[in-house]
Amino acid sequence: MANNPVTCHILDTTSGKPAANVVCCIYKIDLIDSTLAEGDKILMEPSQSQPFAMARTNDDGRVPEWIFEPAPAKRDYLKTVGILERDGKLQWDTLVQGTYKIRFQVGKYFASLGQKNFHPFVDIMFTVEDPRHYHIPLLLSNYGYTTYRGS
């Protein structure tokens, strides 16, 4: 893929402006079925996984490019999520089916503005069923947020 198959955009609805300089991490999650004591089945994230890429939003509140975990020991894992090395640079070649999570570090964003907020971070999980572009928008305020499937 020539461009990032997963993009995101954050708008700060308290100011009416894009949320710049927000750290974003992306994970591939393997969900498992679990049973509660009452017998109800739920989906769970089995353990805290590590992000395979990070980014910081630009002045327009967008992630211009994901920075992939560069450690050589992580290269085999990166291949499983579609990240390949070409000409000495890691590139997102294929978007692999599965469940992903983007963690937006919004608490640090509001702290940098000298503002209080309720959520230290926002996790948005989404399912990739086919290898096309997925846009994950986040509308953010100090005490709430919303998201939707972007285009």
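Each reported figure results from applying straightforward, stated rules to the coordinates on display, with no laboratory input. All of these numbers come straight from a predicted model, not from anything done at the bench. Virtual Cβ from ideal backbone geometry, glycine too; neighbours counted across all protein chains shown.
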Worksheet item: For Lys89, which lysines qualify as cross-link partners when the Cα separation must be under 29 Å and same-chain residues fewer than eight apart are set aside?
Response: Lys28, Lys74, Lys79, Lys101
Worksheet entry | Unit charges at the beta carbon, dipole of the range 6-147: most positive-side option, Val22, Cys8, Thr146 | Val22
Worksheet item: What length, rounded to one decimal in nm, is gained on full extension from Arg56 through to Gln91, with 0.36 nm per residue of separation minus their alpha-carbon distance?
Response: 10.9 nm
Worksheet entry | For peptides 65-71, 143-149, 51-57, sequence by mean Cβ density within 10 Å, most packed first | 51-57, 65-71, 143-149
Worksheet item: With the contact rule set at Cα under 8 Å and sequence spacing of 6 or more, what percent relative contact order holds for the range 4-151?
Response: 29
Item to complete: Calculate the radius of gyration of the Cα atoms of the range 6-147 to one decimal place, then report Dmax, the largest Cα-Cα distance, as a whole number, both in Å.
Response: 16.5, 54
Discussion item. Give me log10 I(q)/I(0) at q = 0.27 Å⁻¹ for the range 44-122, Debye formula, one equal scatterer per alpha-carbon, no solvent.
Written reply: -1.36
